[in-house]
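Every read-out reported here was derived from the displayed coordinates using simple, explicitly stated rules and does not represent laboratory data. Predicted, not measured: the structure shown is a model, and the values here were computed from it. Note that each Cβ is placed from the backbone with ideal geometry, even for glycine, and that neighbours are counted across all protein chains shown.
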Amino acid sequence: MASLRDLGLSEYETRAYRSLLETGPTTAKELSRASDVPMGRIYDVLNSLETHNLVRSQTASRPKKYVAVEPETALDRLLDDKKRELEEKASQYEEIVDTLADDLETAEPVGETFWTAAVGPEETSDLLVERLTAADDRIVVVVSQFSQQFDLDELGDRVVEALEDALDRGVDVSLLMRPSMVEALPRSVGERYRQSLQPHENFETRTSEDVIGTFELIDDTEVCIEVPHPLRAGETFAVIDFKDPEFASTVEDEFAERWAGAKELRL
């Protein structure tokens, strides 16, 4: 059950505020009895409630009296306080991340071969987005059939967002696909690519009949190979991330040859 404590009040503050709503204007001594807040704590509790702008005091009266702010106003103020607190926390975490990003360094031997794989729609999308996010210089996307990155669901959106983020940070993105895919491309998908990716000057799309397989080449050192599902057309079964500069160089040579003979496309 929801409680004022969920919005930051202590148990004593909650008791005191609720009691004030029932008693109306009252003194600290009377409120202590009504709320079961010890007399030794009641003034600290009332001061805290005043700080939160949840109670008002009548200083002219002797003894001093207190009255609760209307519940709707009080809840709005508590909510605003929580939002400010969360915004401050978010800013602090962003500063921490920025600091750690400068301090942390990856120690990955350039010549060392490493591969990993993910199976299933969510896992493959997570791996692909992770590797696209890690790109520093260049991303090559080669597509021979519809796959997750052309889907209209959340997973496809994540891939597009990752490519857009890469373009925003100066990464060159080249997309090569078969002409038949363009003809079969849903209008809504083409519109998404046109609005999100095409405006970037470092994004280029070409088509070629000589396209086999679906993969992403990242920074000329890493290849993400998408394995189509053997039973469900248009669904990616797995993604294999193969980090090997020598293999990536071979893939780059094959891609460059096909890219040179491909036709420029405006989605």
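Taking a quarter of the surface of the convex hull around the Cα atoms of the chain, what do you get in nm²?
22.1
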Original post:
Each residue of the range 36-41 in order: what ³J(HN,Hα) in whole Hz does its phi give by Karplus 6.51 cos²θ - 1.76 cosθ + 1.60, θ = phi - 60°, with x for Gly and Pro?
Top reply: 6, 8, x, 4, x, 10
Subject >> Net charge dipole size for the range 1-105 [Lys, Arg +1 and Asp, Glu -1 on Cβ; Debye, nearest 20] >> reply: 1300
**OP:** Taking only the C-alpha atoms, wrap a convex hull around the range 1-105 and report its volume per residue in Å³ as a whole number.
**Re:** 136
Subject >> Isotropic mean projected area of the C-alpha convex hull, the range 114-265 (nm²) >> reply: 8.1
Subject >> Length gained when the stretch ARG77-ALA117 is fully extended (0.36 nm per residue, less Cα-Cα span) >> reply: 9.5 nm
Subject >> Per-residue ³J(HN,Hα) for the range 120-133, Karplus 6.51 cos²θ - 1.76 cosθ + 1.60, θ = phi - 60°, Hz, x for Gly and Pro >> reply: x, x, 5, 5, 5, 5, 4, 5, 5, 5, 4, 6, 5, 5
Original post:
Share of antiparallel DSSP beta bridges in the chain, in percent to the nearest 5?
Top reply: 75
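Rounded to the nearest 500 deg cm²/dmol, what is the calculated helix-only ellipticity per residue at 222 nm for the chain, with -39500 (n - 2.57) per DSSP H run of length n ≥ 4? Numbers along the way, then the final one.
On the way: 9 runs with 127 residues, N = 267.
Calculated at 222 nm, the ellipticity per residue is -15500 deg cm²/dmol.
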Subject >> R0 of 25 Å, Cβ-Cβ distance GLU257-ASN202: FRET efficiency to nearest 0.05 >> reply: 0.70
**OP:** Can you pull the one-decimal nm distance between simple spin-label points at ASN53 and ASP103, each 7 Å off the Cα toward Cβ?
**Re:** 3.7
